[in-house]
Amino acid sequence: MKIDLTPLRKALVSLDRAIDRSRGSPDDEELRDAVIQRFEYTMDLSWKMVQRVMKAEGTTEAALRTKRDLFREGAKAGLLDDPETWFSWLEARNEISHAYSPEVAKRVYQKAQEFAPAAGILLNRLETRVRA
């Protein structure tokens, strides 16, 4: 199967780098906002890559109607550990896109830090599947 995971790999490196920098300056709102923005696009790339791999492996469009369906199917296929956790990250991603406040930003920043290691695990699993 030929699926280019480079965009996800680069996004994850960028997210990890922003998280590392932000931990060194925990009160820097600009660094926090950079983490949030990188979380947003890394989350988007994550679900899109899961969708591409699932479709390439024969999962029907009907089974992947919503992102929640996609996460459930991705967990069944062994790409994701816990779809409920991915639901919470999706909610955080959507929350920051629709309403920005310092409280929401702090909450999403925490979610981004939780998300990064799981996104790395996902990338490893996708790479294994794409090579197979």
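The values are calculated or read from the model by the stated rules, or taken from the named source; none is laboratory data. Here the structure is a predicted model, which means the values were calculated and not measured. Don't worry about glycine lacking a Cβ; one is built from the backbone with ideal geometry, like all the others, and counts go over all protein chains shown.
Brief remarks on what is shown
- Every condition in (1) surrounded by fewer than 17 Cβ atoms within 10 Å (Cβ to Cβ); (2) in a helix (DSSP H, G or I); (3) under 15 Å from the mean Cα position of the chain (by Cα) is met by D69 except one, and the failing one is (3).
- Among the residues of the range 87-112, those that are surrounded by fewer than 16 Cβ atoms within 10 Å (Cβ to Cβ) and either touching a Ser or Thr at 6+ places or on another chain (Cβ under 8 Å) or polar (S, T, N, Q) (or both) comprise S88, N94, S97, S101, Q110.
- Of residues in the range 73-82 being surrounded by 18 or more Cβ atoms within 10 Å (Cβ to Cβ) and in a helix (DSSP H, G or I), the one farthest from the chain's Cα centre (by Cα): E73
- Which numbered condition A34 fails, given (1) out of contact with any Leu (no Cβ under 7 Å at 6 or more places or on another chain); (2) under 19 Å from L5 (Cβ atoms); (3) surrounded by 15 or more Cβ atoms within 10 Å (Cβ to Cβ): (2)
- In the range 1-38, residue modelled with the lowest pLDDT [restricted to those that are of a type in the set (G, A, S) and assigned to a helix (DSSP H, G or I)]: G24
- Condition met for D44 (part of a helix (DSSP H, G or I), without any contact (Cβ under 8 Å) to a residue 12 or more places away in the chain and within 27 Å of V130 (Cβ to Cβ)): no
- Which numbered condition I121 fails, given (1) surrounded by 14 or more Cβ atoms within 10 Å (Cβ to Cβ); (2) hydrophobic (A, V, I, L, M, F, W, C); (3) over 18 Å from E40 (Cβ atoms): (1)
- Residue check, L45 within 12 Å of the chain's Cα centre (by Cα) and of a type in the set (A, V, I, L, M, F, W, C): yes
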